[in-house]
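*Asks:* Input: one structure, supplied below.
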Amino acid sequence: MDISRRRYGGRTELKSPSSDVGFHANRVIERCRQLARITDVAGETTRTFLSPAARQCMETVKSWMEAAGLVVYIDAVGNLRGLYEATQTGAPRLMIGSHLDTVPNAGAFDGVLGVMLGLALIEMLDGKRLPYAIELVGFSEEEGVRFGTPFIGSRALVGRIDDQLLSTTDAEGTSVHQAIANFGISAELSSAALDEQAKAYLEFHIEQGPVLESEGLALGIVEAIVGQTRGEMRFVGSANHAGTTPMHLRHDALAAAAQWIGEVERYALETKGLVATVGRLGVLPGAGNVIAGEVTASLDVRHANDAIRTSSVYHLAAEAERIAHGRGLSAEWRILMEQRAVAMDAHLTKMAEAAVIDAEAAPFRMMSGAGHDAMVIAERLPSAMIFLRSPGGLSHHPDEAVRQEDVACALAAGLAFLRKFDTTAVMN
Ligand SMILES: [Zn+2]
């Protein structure tokens, strides 16, 4: 590739005005804002899997992709897929993507930004063909809102849609299988699988957290998506009268839970990279004048290292038992969900890091505390992720934002990544 550059205003820019990163950054943001107005619920941004708004969003993005020279189709689970051909047909393929669905009352940038950045990178090539093809994907489902199961879009690409998932129903009793048929899709599920020419996957996404902002940085290079354990701790004591039961004769399940929650926070603060959260309490009988007899407390534990996560969960469960026994109560631990950590590809991540340096940004490496499509695609393809700073650390909220200069920086890094992308290296 011979995309020539000049340094301008401390940032990498291309010579042709149509390839100016500032212009394209503005357009990326305008497009995200435009798509945010396509919604199933008036007055907010809500687009769930295969909803009417999802269709309208797909049609809008499809028209932009076609104008940029991509050959576009909607696959068997409603993913929007566009191929920007290489200089030769049958060339290796770089996948770039993120998701087009949203949580209820979402912001404008979660997911959509990654798709619009991929599109802008192709537009900045100005019709020039590369030795490899680029496949741009807008995943139809990542958030898990409609069916309570996330990643339906990316799971189809790695062949992980099974009968159990297809028969899962939404609040109206419509199954995934029926929703796909209702949308007018009749393609075989297997046809959504990754093309054998696909060699690597790159995803841009807002951080959805406060780390980059607190570091004063535009971009972050994701090393791994953390693993997580979700479960429930149940403390059982005895309910009794709040007035007639002396303090030393109580078996207060809520007091035990409170002591444990303090221990969860203390332990996570002391364990590097660990986040542990008790976000929900169920208190029985739940009256102001009755000592709590039973408390269920949720626990969400995440770490990039599975062994540290597992031993932390073990420790916190043991602490609950210790606290419970000391108070004459019992504690029971139940695991509801476990997800292993997923590392991004070392080679591709190095390439992303070099690209970020080329864009004159600091090469800051970080973990992703949230799941992303890259986590699923990484099962089959070397994958890399670049985060953009989230102003205020805010996401899944209508005020979710992104800075124009960070989008410009991401575009400069993306162009550098395209220049560096070495298909032979990822094929080996
Ligand atoms: Zn997202």
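*Asks:* Go through LEU121, LEU94, LEU113 for me and flag whichever is more than 25 Å from GLY159 (Cβ to Cβ), buried (at least 23 other Cβ atoms within 10 Å of the Cβ) and touching a Phe, Trp or Tyr at 6+ places or on another chain (Cβ under 7 Å). Quick ask: steps written out before the conclusion?
*Replies:* Working: LEU121 fails: touching a Phe, Trp or Tyr at 6+ places or on another chain (Cβ under 7 Å); LEU94 fails: more than 25 Å from GLY159 (Cβ to Cβ).
Answer to the selection: LEU113.
*Asks:* Next question, about the same structure. Could you list all residues from the stretch 133-156 that are in a helix (DSSP H, G or I), surrounded by 24 or more Cβ atoms within 10 Å (Cβ to Cβ) and within 16 Å of the ligand (Cβ to nearest atom)?
*Replies:* Once the filter is applied, which keeps residues that are in a helix (DSSP H, G or I), surrounded by 24 or more Cβ atoms within 10 Å (Cβ to Cβ) and within 16 Å of the ligand (Cβ to nearest atom), the stretch 133-156 yields ILE152, GLY153, SER154.
*Asks:* Please work out which residue is nearest to SER238 (Cα to Cα), limiting yourself to the stretch 265-302 and to residues that are among the aliphatic types (A, V, I, L, M) and part of a loop (DSSP other than H, G, I, E, B). Break it down into steps so the answer makes sense when it comes.
*Replies:* Here is the first cut: in the stretch 265-302, the residues among the aliphatic types (A, V, I, L, M) are 268-269, 274-276, 278, 281, 283-284, 287, 290-292, 295, 297, 299, 301.
With the extra rule that they be part of a loop (DSSP other than H, G, I, E, B), the set shrinks to 274, 278, 287, 292.
On the way: LEU274: 33, VAL278: 22, ALA287: 14, ALA292: 7 Å.
My answer is ALA292.
*Asks:* Let me ask another. Taking the stretch 79-104, which residues are within 15 Å of the ligand (Cβ to nearest atom) and assigned to a loop (DSSP other than H, G, I, E, B)?
*Replies:* Selection gives ASN79, LEU100, ASP101, THR102, VAL103, PRO104.
*Asks:* Now for a separate question. Enumerate the pairs (first residue in the stretch 217-241 and without any contact (Cβ under 8 Å) to a residue 24 or more places away in the chain; second residue anywhere and assigned to a loop (DSSP other than H, G, I, E, B) and not aromatic (Phe, Trp, Tyr)) with beta-carbon separation below 9 Å, excluding pairs fewer than 6 apart on the same chain, so at least 6 apart or on different chains.
*Replies:* Hits for this filter: zero, empty list.
*Asks:* If you go through the stretch 382-426, how many residues are assigned to a loop (DSSP other than H, G, I, E, B) and either within 15 Å of ALA352 (Cα to Cα) or within 12 Å of the ligand (Cβ to nearest atom) (or both)? Step through it out loud before you land on a result.
*Replies:* Our first condition is that a residue be assigned to a loop (DSSP other than H, G, I, E, B); within the stretch 382-426, this holds for 382, 389-390, 394-403, 421-422.
Now narrow it down to the ones that are either within 15 Å of ALA352 (Cα to Cα) or within 12 Å of the ligand (Cβ to nearest atom) (or both): 382, 390, 395-396, 400, 421-422.
Summing the residues that are assigned to a loop (DSSP other than H, G, I, E, B) and either within 15 Å of ALA352 (Cα to Cα) or within 12 Å of the ligand (Cβ to nearest atom) (or both) in the stretch 382-426 gives 7.
*Asks:* Let me ask you something else. Only residues that are more than 13 Å from LEU117 (Cα to Cα) and in contact with a Ser or Thr (Cβ under 9 Å, 6 or more places away or on another chain): list them for the stretch 384-417, please.
*Replies:* ALA384, GLY393, HIS396, PRO398, GLU400, ALA401, ALA416
*Asks:* Of all residues in the stretch 296-331, count the ones that are farther than 19 Å from ARG266 by Cβ and in contact (Cβ under 8 Å) with a residue 24 or more places away in the chain.
*Replies:* Number satisfying all stated conditions: 8.
*Asks:* Right, something else. Any idea which of GLU400, GLU332 is among the charged types (D, E, K, R) and under 17 Å from the mean Cα position of the chain (by Cα)?
*Replies:* Residue meeting the stated conditions: GLU400.
Laboratory data are not the source of any read-out in this text; all were calculated from the coordinates shown. A quick note: this is a predicted structure, and the numbers were derived from the prediction, not measured. All Cβ positions, even for glycine, are placed from backbone atoms using ideal geometry, and neighbour counts span all protein chains on display.
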